[in-house]
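K.L.:
Could you have a look at this structure, given as structure tokens, before my questions?
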Amino acid sequence: MKKLFDFHRASWRLLATLLAVLGFAGVTTVVTTSAAQASDLGGPIARSEVIWRAQYWVDHQPGPYNQGAFSPGPGGDKSYRRDCSGYVSMAWHLNDNPWTGSLAGYAHEISRGDLKPGDIMLFAGTHTFLFDHWTDNNGNFVYYSFGSTPVKHRSANIGSASLDGHPNGSYRAYRYNKIIDDLPGKKKFVDMDFSGDGSADLLSTTAS
């Protein structure tokens, strides 16, 4: 079994190297040694990485909702509070753990119609959730939320009477001050240990 595991690990490492060096079918590929190194703690961060980090806690559940407990984000460079604002802080890769009453200090208000991946809806002092993307032209969208156990990836409509269990009108849309729009093309982050060092590596592919 160990030989089989080593074979698969070596195969993935070879694949990652080949993709990084050669590329294929118009795809540019970049591999870093650690997922957390894609952005610096508290530094600028691309929208696609924010979504990748949000999905990380969906795929690797941090533990029960608990405002007094903390769990690490990908790469383990910082632990974040296991609640809604801690989840957003983890996705934004903040070097802090603000609560919903202070989260707006890291962002600026925008129009709801301008929401993009990695922006948030904030009910100051009560709740927040992370916007993923619009699914149509009728106001339907998907989002990430840690309002209760487990961390969830959900769908909603921007015109609904309530959003994630709270009155719609109580929310305002915000954009992280250090978020960066991705370059044209579809970027995808793949969470795998290509290097074999026990930490999640980041495989980024961008189609031209």
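The values are calculated or read from the model by the stated rules, or taken from the named source; none is laboratory data. For clarity, every value in this text was computed on a predicted model and none was experimentally measured. Cβ coordinates were reconstructed from backbone atoms using ideal geometry, including for glycine residues, and neighbour counts include every protein chain displayed. In case anyone asks, the SASA skips ligands and DNA or RNA and just uses the protein heavy atoms, side chains included. Shrake-Rupley method; radii C 1.70, N 1.55, O 1.52, S 1.80 Å.
K.L.:
Can you confirm whether Asp164 is open to solvent by less than 50 Å² (accessible area, probe 1.4 Å) and among the charged types (D, E, K, R)?
P.N.:
On the way: open to solvent by less than 50 Å² (accessible area, probe 1.4 Å): yes; among the charged types (D, E, K, R): yes.
Yes, satisfied.
K.L.:
Please tell me if Ser145 is more than 19 Å from Arg47 (Cβ to Cβ), small (Gly, Ala, Ser) and surrounded by 13 or more Cβ atoms within 10 Å (Cβ to Cβ). Working first, answer last.
P.N.:
Working: more than 19 Å from Arg47 (Cβ to Cβ): no; small (Gly, Ala, Ser): yes; surrounded by 13 or more Cβ atoms within 10 Å (Cβ to Cβ): yes.
Spelling it out, it is not the case that Ser145 is more than 19 Å from Arg47 (Cβ to Cβ), small (Gly, Ala, Ser) and surrounded by 13 or more Cβ atoms within 10 Å (Cβ to Cβ).
K.L.:
Moving on to the next point. Applying the selection to the stretch 156-208, what residues are of a type in the set (Asp, Glu), in contact with a strand residue (DSSP E or B) (Cβ under 7 Å, 6 or more places away or on another chain) and modelled with pLDDT under 95? Break it down into steps so the answer makes sense when it comes.
P.N.:
Within the stretch 156-208, the subset of a type in the set (Asp, Glu) is 164, 181-182, 191, 193, 197, 201.
Narrowing further to those that are in contact with a strand residue (DSSP E or B) (Cβ under 7 Å, 6 or more places away or on another chain): 164, 182, 193, 201.
The answer is Asp182, Asp193, Asp201.
K.L.:
When the stretch 41-75 is examined, which residues are found to be open to solvent by 40 Å² or more (accessible area, probe 1.4 Å) and either assigned to a helix (DSSP H, G or I) or modelled with pLDDT under 95 (or both)?
P.N.:
We begin by selecting, within the stretch 41-75, every residue open to solvent by 40 Å² or more (accessible area, probe 1.4 Å); these are 41, 44, 55-56, 59-61, 64-68, 70, 72, 75.
Answer for the stretch 41-75, where residues must be open to solvent by 40 Å² or more (accessible area, probe 1.4 Å) and either assigned to a helix (DSSP H, G or I) or modelled with pLDDT under 95 (or both): Gln55, Tyr56, Asp59, Gly75.
K.L.:
Looking at the structure I just gave you, is Arg112 in contact (Cβ under 8 Å) with a residue 24 or more places away in the chain and either among the aromatic types (Phe, Trp, Tyr) or open to solvent by 10 Å² or more (accessible area, probe 1.4 Å) (or both)?
P.N.:
Details: in contact (Cβ under 8 Å) with a residue 24 or more places away in the chain: yes; either among the aromatic types (Phe, Trp, Tyr) or open to solvent by 10 Å² or more (accessible area, probe 1.4 Å) (or both): yes.
When the stated conditions are applied, Arg112 passes them.
K.L.:
Let me ask something else. Looking for something open to solvent by less than 20 Å² (accessible area, probe 1.4 Å) and among the acidic types (Asp, Glu) - is there at least one such residue anywhere in the stretch 87-103? I'd like the intermediate steps shown before the answer.
P.N.:
Of the residues in the stretch 87-103, the ones open to solvent by less than 20 Å² (accessible area, probe 1.4 Å) are 87-94, 98, 100, 103.
Add one more test, that the residue is among the acidic types (Asp, Glu), and what stays is none.
No, the stretch 87-103 contains no residue that is open to solvent by less than 20 Å² (accessible area, probe 1.4 Å) and among the acidic types (Asp, Glu).
K.L.:
Would a scan of the stretch 100-119 turn up a residue that is at pLDDT 95 or above, aliphatic (A, V, I, L, M) and either touching a His at 6+ places or on another chain (Cβ under 7 Å) or at positive phi (or both)?
P.N.:
no
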